[in-house]
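The values are calculated or read from the model by the stated rules, or taken from the named source; none is laboratory data. Nothing here was measured: the structure is a model prediction, and the numbers come from that model. For neighbour counting, all protein chains shown are included, and Cβ atoms are generated from backbone atoms with ideal geometry for every residue, glycine included. Surface accessibility is based on the protein's heavy atoms, side chains included, excluding ligands, DNA and RNA. Shrake-Rupley method; radii C 1.70, N 1.55, O 1.52, S 1.80 Å.
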Amino acid sequence: ASETEEKDLVIIGGGVAGYVAAIKAGQSGLKVACIEKRGALGGTCLNVGCIPSKSLLNNSHLYHQILHDTKNRGIEVGEVKLNLAAMMKAKETSVSGLTKGIEFLFKKNNVEYIKGAGAFKDEHTVAVNLAEGGGETTVRGKNILIATGSEATPFPGLTIDEKKVITSTGAIALQEVPKKMTVIGGGIIGLEMASVWSRLGSEVTVVEYLGQIGGPGMDKDVAKQAQKLLQKQGLKFKLNTKVVSGDADGEGVKVTVEAAKGGKEETLDADVCLVAIGRRPYTNGLGLENIGLEVDERGRLIIDQEYRTKIPHIRAIGDVTFGPMLAHKAEEESVAVVEYITKGYGHVNYGAIPSVMYTHPEVAWVGQNEQELTAANVKYNVGQFPFSANSRAKTNLDTEGFVKMISDVETDRILGIHIIGPNAGEMIAEGVLALEYGASSEDVARTSHAHPTLSEAFKEAAMATSSSQVFEF
Ligand code: FAD
Ligand code: NAI
């Protein structure tokens, strides 16, 4: 086995957490290596997550809109046909362009890219089983960063084959539109993928254990509205429902469900079943046992505020440890962790990490929701403004949804912003900035917003929230 020179930083995992840290470390003058076993950089997000799913969401939305929403706009189209293979090709073009871009950035910033699977040999040495039968090498690091990400949580009794019983990875690569699809889990993955396939013609039923869709974090009013609008688009929901068993042996997939509290069983037949009940940290084959590192009951690597494991020069960030499993959260942590290594301090504001669900309309939020504030006994004001009263939404004939702002009743400081509506995912950036700067709703209400834009709904919601009477001149 060969050995590479000792590095200042060895990173295991080339996903968002790993590759951003690698580039930042290279720019900071560290000698750095990044080990990735997938055969491409970019991790889950670029290869099988954020990017391919958004490509399909965008193009399936266009297809659906052309089918159902052109006449009233004065556009008459002829026969509209789906070419799924070409839609998948467009997705692959977006993905490959971006992964190659990271390889270029590695070269530019002197990051050594080691293709293979890394496993701890000892506290400073990682053995790499090189890809494509390249044998084994070892690499030593003064610092080591674990950024090995997450994987889909399986559903007991349903074996994933990525054809009939699929995770999101199968759901972004189906070769034909299933006639019927059952989705287990009405969280973000479930709803985004259900939207794609329903728009392309599939009959989709979403089974959710809880009484609301959207997963943890989504405001209850927004979740209710999202459900209503998705139902209008054709999605079927079974809330407060648990999956009892699944059977994929015969033709298609049978999923037996019953009310969460117990009750009569019902069997859902489908061609394809998507399992989307959450993701779990991934540390398989990493050799944690060789260095005595342990994970918590949910599989997360235990770290302190400086991202250190109990072995101080070994750190962990991204999906493999605490916090929301989001690409931009991983990205913030990668910058902070390199700053900790090079300067001794770093910073991530976990109270201002936005969440976006890229359905149509989009759902986006930052900060706390009403349920959380009520549970914490916080007194708050709520202001809401509907897109149906926004001039730009009206001109776009895209008026569903609202902006909801929550602020502290005493200080008017903004505590949470929850949007369902067109371009919510872009608009939330303003909310994140407001939260980051500790803005009051009055601050936003007194800020000029261009007319006619959707963002005026944001200002209007702030005006409705503001306890001061901004219009009494
Ligand atoms: P990962 O991206 O999982 O990267 C870890 C990498 O480590 C992998 O490439 C893996 O091959 C590699 N690895 C693991 N073990 C080893 C080893 N021993 N040796 C070498 N390499 C190893 N987030 C958003 O913010 N916005 C979105 O729109 C969004 N959409 C998503 C859609 C889907 C369908 C999914 C599944 C996820 C989505 N996410 C989204 C979440 C996002 O993908 C993750 O939060 C993000 O990828 C986490 O980055 P990471 O680097 O921590 O882990
Ligand atoms: P999730 O945690 O968002 O949702 C899972 C849902 O499944 C929850 O609503 C849960 O109540 C439900 N559930 C769990 N067990 C169940 C069961 N046995 N029967 C029925 N329902 C059950 O997880 P999801 O959707 O799998 O996504 C994983 C992660 O990926 C998310 O945490 C998210 O951070 C990330 N992601 C982010 C995206 C984005 O930012 N747009 C897109 C896709 C994924």
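Can you tell me which residues in segment 112-153 are in a strand (DSSP E or B), of a type in the set (A, V, I, L, M) and farther than 30 Å from residue 185 by Cα? Steps first, answer last, please.
The initial filter retains those residues of segment 112-153 that are in a strand (DSSP E or B), namely 112-122, 125-130, 136-146, 150-152.
Checking which are of a type in the set (A, V, I, L, M) leaves us with 114, 117, 119, 126-128, 130, 139, 144-146, 152.
Those that are in a strand (DSSP E or B), of a type in the set (A, V, I, L, M) and farther than 30 Å from residue 185 by Cα: 114, 117, 119, 126, 127, 128, 130, 139, 144, 145.
Hey, can you tell me all the residues within segment 356-409 that are assigned to a loop (DSSP other than H, G, I, E, B), under 20 Å from residue 442 (Cα atoms) and in contact (Cβ under 8 Å) with a residue 60 or more places away in the chain?
To start, the set of residues in segment 356-409 that are assigned to a loop (DSSP other than H, G, I, E, B) comprises 358-361, 368-369, 376-379, 390, 396-401, 409.
Then drop every residue that is not under 20 Å from residue 442 (Cα atoms), which leaves 368-369, 378-379, 390, 409.
Residues satisfying the conditions are 369, 390.
Can you tell me which residues in segment 388-403 are more than 16 Å from residue 219 (Cβ to Cβ), open to solvent by less than 60 Å² (accessible area, probe 1.4 Å) and of a type outside the set (S, T, N, Q)?
393, 398
I'd like the residue in segment 1-54 that is more than 24 Å from residue 278 (Cα to Cα) and basic (Lys, Arg) and, out of all such residues, is surrounded by the fewest Cβ atoms within 10 Å (Cβ to Cβ).
Within segment 1-54, the match that is surrounded by the fewest Cβ atoms within 10 Å (Cβ to Cβ) is 31.
Which of the strands (runs of 3 or more DSSP E) found entirely inside segment 154-252 contain at least 3 residues meeting this: of a type in the set (A, V, I, L, M, F, W, C)?
On the way: elements: 180-184, 203-207, 236-238, 241-247.
Once the strands (runs of 3 or more DSSP E) in segment 154-252 are filtered for at least 3 residues that are of a type in the set (A, V, I, L, M, F, W, C), what remains is 180-184, 203-207.
Condition check: farther than 27 Å from residue 87 by Cα, crowded, with 17+ Cβ neighbours inside 10 Å and within 14 Å of ligand 1 (Cβ to nearest atom). Does residue 190 satisfy that?
Working: farther than 27 Å from residue 87 by Cα: no; crowded, with 17+ Cβ neighbours inside 10 Å: yes; within 14 Å of ligand 1 (Cβ to nearest atom): yes.
So residue 190 does not fit the description; no.
Give me the helices (runs of 4 or more DSSP H) completely within segment 28-111, filtered to those with at least 2 residues that are farther than 25 Å from residue 281 by Cβ, ordered by residue number. Step through it out loud before you land on a result.
Details: elements: 43-48, 50-68, 84-108.
Fully inside segment 28-111 and qualifying: 50-68, 84-108.
Conditions tested, residue by residue: (1) open to solvent by 40 Å² or more (accessible area, probe 1.4 Å); (2) within 24 Å of residue 196 (Cα to Cα); (3) touching a Phe, Trp or Tyr at 6+ places or on another chain (Cβ under 6 Å).
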residue	(1), (2), (3)
217	no, yes, no
232	yes, yes, no
235	no, yes, no
240	yes, yes, no
248	no, yes, no
262	no, no, no
275	no, yes, yes
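Quick check on segment 312-333: of everything there that is in a loop (DSSP other than H, G, I, E, B) and open to solvent by 10 Å² or more (accessible area, probe 1.4 Å), which residue is farthest from ligand 1 (Cβ to nearest atom)?
312
For segment 334-351, enumerate the residues that are in a loop (DSSP other than H, G, I, E, B) and either of a type in the set (D, E, K, R) or away from ligand 1 (no atom under 14 Å from the Cβ) (or both). Can you show your working first?
Residues of segment 334-351 in a loop (DSSP other than H, G, I, E, B): 344-349.
If the condition is that a residue be in a loop (DSSP other than H, G, I, E, B) and either of a type in the set (D, E, K, R) or away from ligand 1 (no atom under 14 Å from the Cβ) (or both), then 344, 345, 346, 347, 349 are the ones that fit.
Within the group 362, 294, 306, 331, which residue is at pLDDT 95 or above and out of contact with any strand residue (DSSP E or B) (no Cβ under 8 Å at 6 or more places or on another chain)? Quick ask: steps written out before the conclusion?
Numbers: 362 fails: out of contact with any strand residue (DSSP E or B) (no Cβ under 8 Å at 6 or more places or on another chain); 294 fails: at pLDDT 95 or above; 306 fails: out of contact with any strand residue (DSSP E or B) (no Cβ under 8 Å at 6 or more places or on another chain).
Only one candidate passes the filter, namely 331.
Looking only at segment 296-307, which residues are free of Cβ contacts under 8 Å to residues at least 40 places away in the same chain and either among the acidic types (Asp, Glu) or open to solvent by 70 Å² or more (accessible area, probe 1.4 Å) (or both)?
Correct list: 296, 297, 298, 302, 304, 305.
Please give the number of the condition residue 137 fails out of (1) among the hydroxyl-bearing types (Ser, Thr, Tyr); (2) within 24 Å of the chain's Cα centre (by Cα); (3) more than 30 Å from residue 248 (Cα to Cα).
(2)
Need the failing condition index for residue 211 against (1) within 11 Å of ligand 2 (Cβ to nearest atom); (2) within 24 Å of residue 65 (Cα to Cα); (3) surrounded by fewer than 24 Cβ atoms within 10 Å (Cβ to Cβ), just the number.
Failed condition: (2).
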